[in-house]
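Reading through the structure tokens given below for one structure.
The values are calculated or read from the model by the stated rules, or taken from the named source; none is laboratory data. This one's a predicted model, so the numbers in the text were calculated from it and none came from an experiment. Cβ placement follows ideal geometry from the backbone for every residue including glycine, while neighbour counts extend to all protein chains displayed.
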Amino acid sequence: MRNVPVAEVDDLDRAVLAIGTDYPPDHLLVWHEHRRAQVLYAATGVMRVETADGSWTIPTARAVLIPPLTRHQVTMTGVSTRSLYIEPAAVPWFPARCQAVDVSALLRALILEAVEMEPRYAEHSRDAAVAALILHELRNLAPLPLDVPLPSHPGLRGLCEAFLRQPDIHDPPARWCASLNVSERTLARLFQRGTGLSFSQWRQRACILQSLPHLTAGVPVTRIAVTLGYDNPAAYTAAFKRLLGRPPTAYRSPAADVRSRAP
């Protein structure tokens, strides 16, 4: 199925529904939730998924698992998605919180195939076998650290959200302390309790993940490093590899590389 609202087919008696959707540039899918579990796969572009407790940046060829009844909104940058909507009873292992995941070549092929299937596929058919194999493959997904957790503390959350709009790797904790009227020790405690990360770990992760849409768009690494406040491109690249295990070039789309080489 393509460009069909899930609400129109949600009551079908099938464990797996697959829908492909093309979005206009810089589209915002406002706050909503689904009865089914969702596997949201970025066939092209970059998605930013937000919930009450965090933000997930999902580059091309990766996916995010969204639990049933989780309110979320999605910011789309040049995105075409392929979504699996799955009956909760079919995935009792599904995470309770959104989770970014890598997608194997096999699962990618299965997702693309599922979008072409008739939604009311016959039991014991080839299409039913594809759906069953999808459920098996989903259990083997490798998680990716593509989330920025957000604290519930109102003042700290406001500062975190402002930072995500304008990240700076050298933003000093003293500025945050002054804004909240707390000591650095208290700030460290608030960060650890609210995000599970130290201030410097959160700041580093936020900067790296906020750079992903720019990489996909073809912005040169040198310019990204300068914009984020890194001392040089090598420092940015090293931080990127520490977090994601691969260099920034691994997250560039082929189209972006062509654009960046154009005169």
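Across region 166-175, not a single residue is classified as more than 25 Å from Phe240 (Cα to Cα), in contact with a Phe, Trp or Tyr (Cβ under 7 Å, 6 or more places away or on another chain) and either assigned to a loop (DSSP other than H, G, I, E, B) or among the aromatic types (Phe, Trp, Tyr) (or both).
Of the residues that make up region 197-216, is at least one surrounded by 13 or more Cβ atoms within 10 Å (Cβ to Cβ) and in contact with a Cys (Cβ under 7 Å, 6 or more places away or on another chain)? No, region 197-216 contains no residue that is surrounded by 13 or more Cβ atoms within 10 Å (Cβ to Cβ) and in contact with a Cys (Cβ under 7 Å, 6 or more places away or on another chain).
Filtering region 15-43 to residues that are surrounded by 23 or more Cβ atoms within 10 Å (Cβ to Cβ) and farther than 16 Å from Val91 by Cβ leaves only Ala42.
Hey, any hits in region 164-171 for a residue that's touching a Leu at 6+ places or on another chain (Cβ under 7 Å), over 17 Å from Leu65 (Cβ atoms) and not charged (D, E, K, R)? Scanning region 164-171 turns up at least one residue that is touching a Leu at 6+ places or on another chain (Cβ under 7 Å), over 17 Å from Leu65 (Cβ atoms) and not charged (D, E, K, R). Taken as a whole, region 95-107 holds no residue that is at pLDDT below 95, surrounded by 17 or more Cβ atoms within 10 Å (Cβ to Cβ) and among the hydroxyl-bearing types (Ser, Thr, Tyr). When we screen Ala52, Ala63 for residues that are out of contact with any strand residue (DSSP E or B) (no Cβ under 8 Å at 6 or more places or on another chain) and either under 11 Å from Val79 (Cα atoms) or touching a residue at least 12 places away in the same chain (Cβ under 8 Å) (or both), the only hit is Ala52.
So in region 112-138, with the set limited to residues that are among the charged types (D, E, K, R) and under 26 Å from Ser80 (Cβ atoms), which one is surrounded by the most Cβ atoms within 10 Å (Cβ to Cβ)? Once the filter is applied, the top-ranked residue is Asp127. So the check is Cβ under 7 Å with 6+ separation or different chains; which pairs have a first residue in region 191-213 that's without any contact (Cβ under 8 Å) to a residue 24 or more places away in the chain and a second one that's assigned to a helix (DSSP H, G or I) and of a type in the set (Gly, Ala, Ser)? That search, which allows pairs on different chains as well, returns Ser198/Ala188.
Spot the failing condition for Tyr121; the list is (1) more than 30 Å from Ala18 (Cα to Cα); (2) among the hydroxyl-bearing types (Ser, Thr, Tyr); (3) at pLDDT below 95, and only one is missed. Tallying (1) more than 30 Å from Ala18 (Cα to Cα); (2) among the hydroxyl-bearing types (Ser, Thr, Tyr); (3) at pLDDT below 95, Tyr121 fails exactly one: (1).
Residues in region 145-165 that are of a type in the set (D, E, K, R) and not in a helix (DSSP H, G or I): Asp147 alone. Somewhere in region 7-18, is a residue without any contact (Cβ under 8 Å) to a residue 60 or more places away in the chain and touching a strand residue (DSSP E or B) at 6+ places or on another chain (Cβ under 9 Å)? No: zero hits.
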